[in-house]
Amino acid sequence: MNGQFLHNLLLFGRVLRRLGLDINPGRMMDLVSALDHIEIGRKSDFFHAARTLLVHEREDLPLFDEAFELFWRKPAESWDLREWQGLIRRRKPKGPAVTHPPLKEPAPETDEPASASSQELSVMEVTRTYSDRELLRHKNFAEMDAEESEAVKQMMSRLLWKVSERRTRRKRPGKGHLIDMRRTLRRSLRSEGEVFRWAYREPKLKPRPLIVIADISGSMERYTRLLLHFIYGMKAALSQPVEAFVFSTRLTRITRPLQIRDLDLALKNVGQIVNDWAGGTRIGESLKAFNFEWGRRVLGRGAVVLIISDGWDRGNVELLKREMARLKRNCHRLIWLNPLLGAPDYEPLTRGIQAALPHIDNFLPVHNLASLEDLANRLANLNASSRPVLARTGQGRLESVQQGLSMKSFDTPPFGGRRTTSSGRLE
Amino acid sequence: MEFTSIDELQSALRERNYIAERGLGTSLYLALKLGRPLFLEGEAGVGKTEVAKILADLLDTDLIRLQCYEGLDVHHAVYEWNYTRQMMHIRLFEARGDKVSEAELFGPEFLLRRPLLQAIEESRQKPAVLLIDEIDRSDEEFEAFLLEVLSDFQITIPEIGTIKTSNPPVVVITSNRTREVHDALKRRCLYYWIDYPSFEKELEIVQARLPQAPAKLARQITGFIQALREMDLYKLPGVAETLDWTTALVALDQTALDPVIVDETLGAVLKYQDDVEKVKGEQARLILERVKAGVD
């Protein structure tokens, strides 16, 4: 192998890395040693060898194919930059390994409990009185000015998120009813093979995966920014997989950009990969895209799904109905968060909501901080509250709607007065 | 069997009726040459598991299969002690008035060897093919464990010691992508995505595997399946379905497709009720017309 070729090969590796592929020196060394086994002269073999060694995600294959074609077709001097532009635009959003600029504001303290100690409170919060904060907790996101929404973001980052656990099929030593032969026998050796006490195993518990599918269409615009903060905070706080998607006319997965530890940078990256902000709403189509592309990959293991939308759908209602039913069948709990539920005169009459309601387990408001606190409570106690009676019949539907509507009583806050926690009243 | 070129490997695969794309051939060849695990992903029924079987046949060695599931643990993946025998042994000695030593009780004759241990046993003359099937069904705990085993091919059993092999197995890992497998594991492997085959490739597969199928029928079936894959279905039919369907139609003595038989046997191809309803009747007839016009 000549030096020029090796040089080009390493350059190719660098180009791929810049395009967002996960290339490390070890991989490049592997590729070099693989070249001993194939005929480099045969371009397709070289292509396949590089492909199998350098790519390990299906999503990256098209990007690799194009970069390979562009890179090895002609010498670098005669590259047409315009050809690379297209590739660079489609560059993969970087994962958490990115180097981030210094933090401007404290990122959500994921390890801190919600009741952060007083020293950690920001200046803004210290200056706020208790009743101010209470007011803020109940103020509709859509009606907040810039300062208020900043303060709410701070408060949001302190919410304590936890999702109920499920029994996995993995066992560990414990008080279960399954006999642990290995330990029993080991123990019995101390008494010359006489079993006096059985050792047991019990199922290991793990938190349920969470999937958030958020509507970012025009009608949701007033809520979008704060809701993204909320999703970011939730993802940062939870240890289990949290998958996040947004849609207006089409579905975009934003899980990767949200992994970045710097919130501003994360949201900026989300902004870059989503290109239908504040567009129309096609919930049915978007859910279908989710069910097709992602359902099987992320819905296993008793996942909890949150859909955040006002239900103003301009798409096909039959489709929405069908896709909701499918989604419902494939997850453990389907929760629909609707910011409009916070309005006193809202009734879930839009066609979209009507089609979706029969398949929803919980229909909850998401318009102020108090409603998020309530959500946090519910997610942490999914097992305790039995699955709500649902909307299979006309009457059931009415019930679940009323359940949603009754929550409005919390939205007119007693002015600075004492109140029971929302969760106490809701359960 | 030692291969000296990708061409040689591919023709050996073909002799065994496995039609592989050049890319898959390259990945397999390099996996053998570099001694790296091969990570195969693809939709259900594109022949991922088959690759390992053929490979074992090619190398004339054992295929050791580990089917993954959630909660798969050391007891089922690596080794377990044969408790019943151990207890019998204790009782037997007791009856004779002897005492059993611990070393004896945890000796090799009481050890049940599970797939991972079998694959790296010292006594092996030839490297085995180790198929770790549907890794996406297992959980992170098992993945982490597997990563360890794959990095140095040794297993430690506290009672016996470390078991190591100089003949590490050829490892094939498959995934249906029902869950994202951790990057660290994928990074150790050669990666290949098995796509649905083209019309020509698929026809070749059908003819190689089911030579008894009439040529016309095989062409029509392949064309029909290819058309279905263009449709908006929940579960697209894989090559496995193509072969099943062909077998079914051959068993029914069909020499060509017609709308009635298609409707009656659609269950061999589509596995979701929604999909069957969508295709059955009118849609199937339309596809059939197009296919007949195209391939006959």
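The eigenvalues of the Cα gyration tensor, multiplied by 5 and square-rooted, give the range B:72-195 an equivalent ellipsoid with semi-axes of 35, 16, 11 Å from largest to smallest.
Do any of A:288/B:235; A:171/B:99; A:288/B:271; A:204/B:53 go past 25 Å between their Cα atoms, and which? From A:288/B:235; A:171/B:99; A:288/B:271; A:204/B:53, over 25 Å: A:171/B:99; A:204/B:53.
Per residue of peptide B:32-39, the mean number of Cβ atoms on other chains within 10 Å of the residue Cβ is 3. Here the convex hull built on the C-alpha positions of the range A:185-332 has a volume of 139 cubic angstrom per residue. Globularity index of the range B:215-296 is 0.96 (Cα radius of gyration / 2.2 N^0.38 Å, N = number of residues). Mean residue ellipticity, 222 nm, helices only, chain B: the sum of -39500 (n - 2.57) across DSSP H runs of n ≥ 4, divided by residue count and rounded to 500, is -14000 deg cm²/dmol. Computed across the range B:104-145, the Kirkwood hydrodynamic radius from all distinct Cα-Cα pairs reaches 12.7 Å. For the range B:236-296 versus the range A:181-211, the inter-centroid distance based on Cα atoms is 52 Å. Other protein chain C-beta atoms within 10 Å of residue C-beta, averaged over B:105-115: 1. The distance from the alpha carbon centre of the range A:277-331 to that of the range A:35-52 is 42 Å, rounded to a whole number. At an R0 of 45 angstrom, the distance between the Cβ atoms of residue A:11 and residue B:126 translates into a FRET efficiency of 0.65.
Computed over chain B, the quotient of the alpha carbon radius of gyration and 2.2 N^0.38 Å is 1.25. Need one word for the range A:176-216: rounded, prolate or oblate. Basis is the Cα gyration tensor (sqrt eigenvalues a ≥ b ≥ c); a/c below 1.5 gives rounded, then a/b vs b/c decides. Prolate, because a/c is 1.5 or more and a/b exceeds b/c.
Can you bin the range A:272-378 into rounded, prolate or oblate? Criterion: square roots of the alpha carbon gyration tensor eigenvalues sorted a ≥ b ≥ c, rounded for a/c under 1.5, prolate for a/b above b/c, oblate for the rest. Mind showing how you got there, number by number?
Values: a/c = 1.40, a/b = 1.16, b/c = 1.21.
Here the range A:272-378 falls in the rounded category.
How high is the relative contact order of the range B:111-209, in percent, with contacts defined as C-alpha pairs under 8 Å that are six or more residues apart? For the range B:111-209, the relative contact order is 35 percent.
Highest mean first, how do B:35-47, B:160-172, A:179-191 rank when packing is the count of other Cβ atoms within 10 Å averaged over residues? Intermediate results must be reported in sequence, preceding the final value.
Details: B:35-47: 21.0, B:160-172: 17.5, A:179-191: 15.7.
So the peptides B:35-47, B:160-172, A:179-191, ranked by packing, come out B:35-47, B:160-172, A:179-191.
Mean partner shielding of peptide A:40-52, defined as the number of other chain Cβ atoms within 10 Å of each residue Cβ, is 5.
Judged by the gyration tensor of its Cα atoms, with axes a ≥ b ≥ c, the range A:326-380 is oblate; a/c meets the 1.5 cut and b/c is at least as large as a/b. Placing a pseudo-label 7 Å from each Cα along the Cα-to-Cβ vector at residue A:293 and residue A:88 gives an inter-label distance of 2.5 nm.
Placing unit charges on the Cβ atoms of the charged side chains and taking the dipole of chain B about its Cα centre, the candidate lying farthest along the positive direction among B:10, B:108, B:146 is B:10.
Its relative contact order, with pairs defined as Cα atoms under 8 Å and 6+ residues apart, puts chain B at 22 percent. Pairwise alpha-carbon distances in the protein assembly as shown exceed 43 Å for 40% of all pairs. If both residues of a DSSP beta bridge must be in chain B, then about 30% of such bridges are antiparallel. Taking every DSSP beta bridge that has both ends in the range A:175-331, the antiparallel portion is near 30%. Projected over all directions and averaged, the alpha-carbon convex hull of the range B:144-257 occupies 11.3 nm². Rounded to the nearest 20, the size of the Cβ-charge dipole of the protein assembly as shown about its Cα centre is 1220 debye, with Lys and Arg at +1 and Asp and Glu at -1. Based on C-alpha pairs under 8 angstrom that are at least 6 apart in sequence, the range A:134-210 has a relative contact order of 35 percent.
Between residue B:2 and residue A:145, the simple label model (points 7 Å from Cα in the Cβ direction) yields a spacing of 8.2 nm.
Computed about the Cα centre, the dipole magnitude for chain B is approximately 500 debye when only Lys and Arg (+1) and Asp and Glu (-1) carry charge, each at its Cβ. Only beta bridges with both residues in the protein assembly as shown are counted; by DSSP, about 30 percent of them are antiparallel.
Kirkwood radius, the range B:63-145, all distinct C-alpha pairs, inverse of mean reciprocal distance: 14.8 Å. Taking the Cα centre of the range A:209-270 as origin and assigning +1 to Lys and Arg Cβ atoms and -1 to Asp and Glu Cβ atoms, the resulting dipole is close to 100 debye.
The largest-to-smallest principal axis extents of the Cα set in the range B:1-101 are 67, 31, 24 Å. Sorted from longest to shortest, the spans of the Cα atoms of the range A:213-270 along the three principal axes equal 31, 19, 17 Å.
Throughout, read-outs are computed from the coordinates displayed, never taken from laboratory work. Nothing here was measured: the structure is a model prediction, and the numbers come from that model. In this analysis, Cβ positions are derived from the backbone assuming ideal geometry, glycine residues included, and neighbour counts consider all displayed protein chains.
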